[in-house]
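Report on one structure; see the data block that follows.
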Amino acid sequence: MLNTLIDPTSKKAGETRTIVVPFIDKLREGEVLTGTPTVTELVTAALTITDVVVTSQDVTIRGQVIDSGKAVQFSVSGGTARTDYTIRVTAAGNSSPIQTLIYDMRLHVI
C-alpha cells in the first residue's frame, strides 16, 4: 500500500529532495518511531539516499500535521529522467512487543 501523504513523490533528475514518509496509519495509539530507520532503493543503485532520521519535530504534509516521531525523513538525489524507483522505508516502533514497520514507496524522476 502506498501512503498518500508521502511528500514529495517525484523529483527532477538533477535535484536533491527531502522526502517525508509518515507511519501514522501503522503506529499504535501513543506509539512513536525509535532507533535508526533504513531507506533503500530496491531495484537499482541509481539513487543516493542520505540523512535518514525519525522526525524530531512536527511536519505538515498537504495540510495534515504529522506529530514528531511518527515519520521518517531522508534526502534523495540521482536517478534517470522518466524512471520510477521503488524505495523501501523500514522503521521500528517503541511499543511492546516492538513492531518493525515497512513502507514501499514509488519515486518518479521527471
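How many residues are surrounded by 12 or more Cβ atoms within 10 Å (Cβ to Cβ) and either among the polar types (S, T, N, Q) or closer than 14 Å to Val52 by Cβ (or both) when one looks only at the range 81-100?
11
Among all residue pairs at least 6 apart or on different chains, which show Cβ distances below 6 Å where the first residue, located in the range 10-31, is of a type in the set (D, E, K, R) and the second is part of a loop (DSSP other than H, G, I, E, B) and exposed (fewer than 12 other Cβ atoms within 10 Å of the Cβ)?
That search, which allows pairs on different chains as well, returns Lys12/Ile110.
Within the range 72-82, is there a residue that is over 11 Å from the mean Cα position of the chain (by Cα) and free of Cβ contacts under 8 Å to residues at least 60 places away in the same chain?
There is at least one residue in the range 72-82 that is over 11 Å from the mean Cα position of the chain (by Cα) and free of Cβ contacts under 8 Å to residues at least 60 places away in the same chain.
Which residues, taken from the range 46-80, are among the aliphatic types (A, V, I, L, M) and within 15 Å of Ala13 (Cβ to Cβ)?
Scanning the range 46-80 gives Ala46, Leu47, Val76.
Of all residues being part of a loop (DSSP other than H, G, I, E, B) and within 12 Å of the chain's Cα centre (by Cα) in the range 9-23, which is surrounded by the most Cβ atoms within 10 Å (Cβ to Cβ)? Just the residue, please.
Phe23
Which one is farthest from Val39 (Cα to Cα) among residues in the range 88-104 that are among the hydrophobic types (A, V, I, L, M, F, W, C) and touching a Lys or Arg at 6+ places or on another chain (Cβ under 8 Å)?
For the range 88-104, the residue satisfying everything is Leu101.
Surrounded by fewer than 13 Cβ atoms within 10 Å (Cβ to Cβ), within 15 Å of Leu5 (Cα to Cα) and free of Cβ contacts under 8 Å to residues at least 60 places away in the same chain - does that describe any residue in the range 38-45?
No, there is no match, as no residue in the range 38-45 is surrounded by fewer than 13 Cβ atoms within 10 Å (Cβ to Cβ), within 15 Å of Leu5 (Cα to Cα) and free of Cβ contacts under 8 Å to residues at least 60 places away in the same chain.
Read-outs: derived from the displayed coordinates by stated rules, not from any lab. Everything numeric here is computed off the predicted structure, so don't read it as measured data. We place every Cβ from the backbone using ideal geometry, glycine too, and count neighbours over all the protein chains shown.
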